[in-house]
Amino acid sequence: MKNTELNDRRLQATPRGIGVMCNFYADKAENATVWDVEGNEYIDFAAGIAVLNTGHRHPKVISAIEKQLHAFTHTAYQIVPYEGYVALAERINQRVPIDGPAKTAFFSTGAEAVENAVKIARAYTRRPGLIAFGGAFHGRTFMTMALTGKVAPYKLGFGPFPGSVYHAQYPNELHGVSTAEALKSLERIFKADIAPDQVAAIILEPVQGEGGFNIAPADFMQALRALCDTHGILLIADEVQSGFARTGKLFSMEHHCVKPDLITMAKSLAGGMPLSAVSGRAEVMDAPAPGGLGGTYAGNPLAIAAAHAVLDVIDEEDLCTRSAHLGHHLVEVLNKAKEHCPFIADIRAQGSMVAVEFNDPQSGQPSPEFTRQVQERALNEGLLLLSCGVYGNVIRFLYPLTIPEAQFRKALDIIFASLTR
């Protein structure tokens, strides 16, 4: 089978709205390596968009799924519950950075987790308003599109969106937005759009994903917590991309001295299986009435089993420490490349949540063109990289944290050469 043949079939069978980055088709994968149908080998620094922190087909994850497969594959937890769901909620409740007793509910996708966090926040506060941030990505459903702070391609042609959603500025030093200016933008919303006593929640990614791996400053997070406490607003941390050891902690919010009221998670929670969750303060989580939360596939038994294995792997292989180790070496290479690459405008990192942003050295404007060139050069050498950012001028690095050292060093050599060629 040829990649070109499959591509012709794809164009005939699937809609153009499902954008596809690669022109090759996966045949098999192992840890940090993907092979296409023609036998070509790639180092995977995309990991299914941050889904595979424990790598492709980790043996413990496979074993857990196989064991569950022989027991049962589905009952619908709301109809016939099962111990695995309860046990996973207990494990996450113990680890999640929430003040006081926590409770957890499981769903299938990151967007579902965010939607349900909104439902829970509105049920608890009895308020309609929501504040998100420019550059945010929270999903592709209508509520999560409304929360998302990037128009193209996520919102084009899909409006109108749900109301009572407002966007503040996210701090970004490179783009001239200080913590003070971001906080002023919140005050402008309170003056011009909605009173704070009508706001149910402020939702943010502690490290923006699609927005460009922008890291929330500590003083901004502290000010947000104080603002929410003053006005009775819930603080929701969207950790769909930043969770499960990616930042050198199990959750990015552990880098901060403040805690959210609700936290959403998905992606690497279940090592490639579709599973998401909302965790939060117990009294907040209990606000919706029985039957108000759930879903037919929410907390699927196979995905629940996989998530138990993922947590085991993170602990047994000390992936939080390894995340910090790998991220440190990648940043060293990027800083070295910066000496020879005038397009590098910024390097951002929290553990292994690492990104490099490119601006044209003459105009100072974002350079998506150079970003694409770097991606193409790397792909020609067998390394898969993802772009992001509001202007499409950022490359993010999402390698499995289980990647072998020798393969990681090879990838770093390819990255350096792709940046300095």
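For region 274-284, check the following and say yes or no: at least one residue is open to solvent by 30 Å² or more (accessible area, probe 1.4 Å), assigned to a loop (DSSP other than H, G, I, E, B) and not aliphatic (A, V, I, L, M). Yes: region 274-284 contains one or more residues that are open to solvent by 30 Å² or more (accessible area, probe 1.4 Å), assigned to a loop (DSSP other than H, G, I, E, B) and not aliphatic (A, V, I, L, M). Hey, can you tell me all the residues within region 392-418 that are in a helix (DSSP H, G or I), more than 18 Å from GLY55 (Cα to Cα) and open to solvent by less than 10 Å² (accessible area, probe 1.4 Å)? Those that are in a helix (DSSP H, G or I), more than 18 Å from GLY55 (Cα to Cα) and open to solvent by less than 10 Å² (accessible area, probe 1.4 Å): ILE415, SER418. Within region 204-228, the set of residues being open to solvent by less than 30 Å² (accessible area, probe 1.4 Å) and either under 23 Å from GLY392 (Cα atoms) or part of a loop (DSSP other than H, G, I, E, B) (or both) comprises LEU204, GLU205, PRO206, VAL207, GLN208, GLY209, GLU210, GLY211, GLY212, PHE213, ASN214, ALA216. GLN78: open to solvent by 20 Å² or more (accessible area, probe 1.4 Å) and either closer than 30 Å to ILE236 by Cα or at pLDDT below 95 (or both), yes or no? Yes: the conditions hold for GLN78. The residue that is farthest from PHE408 (Cα to Cα), among those in region 331-386 that are within 21 Å of the chain's Cα centre (by Cα) and of a type in the set (Ser, Thr, Tyr), is THR371. Within the group GLY159, GLY135, which residue is without any contact (Cβ under 8 Å) to a residue 60 or more places away in the chain, among the small types (Gly, Ala, Ser) and either out of contact with any Asp or Glu (no Cβ under 6 Å at 6 or more places or on another chain) or more than 18 Å from GLY211 (Cα to Cα) (or both)? One residue alone meets the criteria, GLY159.
Restricting region 341-391 to residues that are hydroxyl-bearing (Ser, Thr, Tyr) and surrounded by 23 or more Cβ atoms within 10 Å (Cβ to Cβ) leaves a set whose member that is farthest from LEU330 (Cα to Cα) is THR371. The residues of region 42-77 that are over 13 Å from ASN31 (Cβ atoms), assigned to a helix (DSSP H, G or I), touching a residue at least 40 places away in the same chain (Cβ under 8 Å) and of a type outside the set (Gly, Ala, Ser), listed by number, are ILE49, ILE65, LYS67, GLN68, LEU69.
For region 163-174, the tally of residues that are crowded, with 16+ Cβ neighbours inside 10 Å and out of contact with any Gly (no Cβ under 9 Å at 6 or more places or on another chain) stands at 1. Please work out if GLY176 is out of contact with any His (no Cβ under 9 Å at 6 or more places or on another chain) and over 23 Å from GLY364 (Cβ atoms). It is false that GLY176 is out of contact with any His (no Cβ under 9 Å at 6 or more places or on another chain) and over 23 Å from GLY364 (Cβ atoms). Looking only at region 17-41, residues that are open to solvent by 30 Å² or more (accessible area, probe 1.4 Å) and either part of a strand (DSSP E or B) or of a type in the set (D, E, K, R) (or both) come to 8 in all.
The values are calculated or read from the model by the stated rules, or taken from the named source; none is laboratory data. Keep in mind the model is a prediction, meaning the values are calculated, not measured. All Cβ positions, glycine included, derive from the backbone under ideal geometry; neighbour counts span all protein chains shown. Each accessible area value is taken on the protein alone, full model and side chains, heavy atoms only, with ligands, DNA and RNA left out. Shrake-Rupley method; radii C 1.70, N 1.55, O 1.52, S 1.80 Å.
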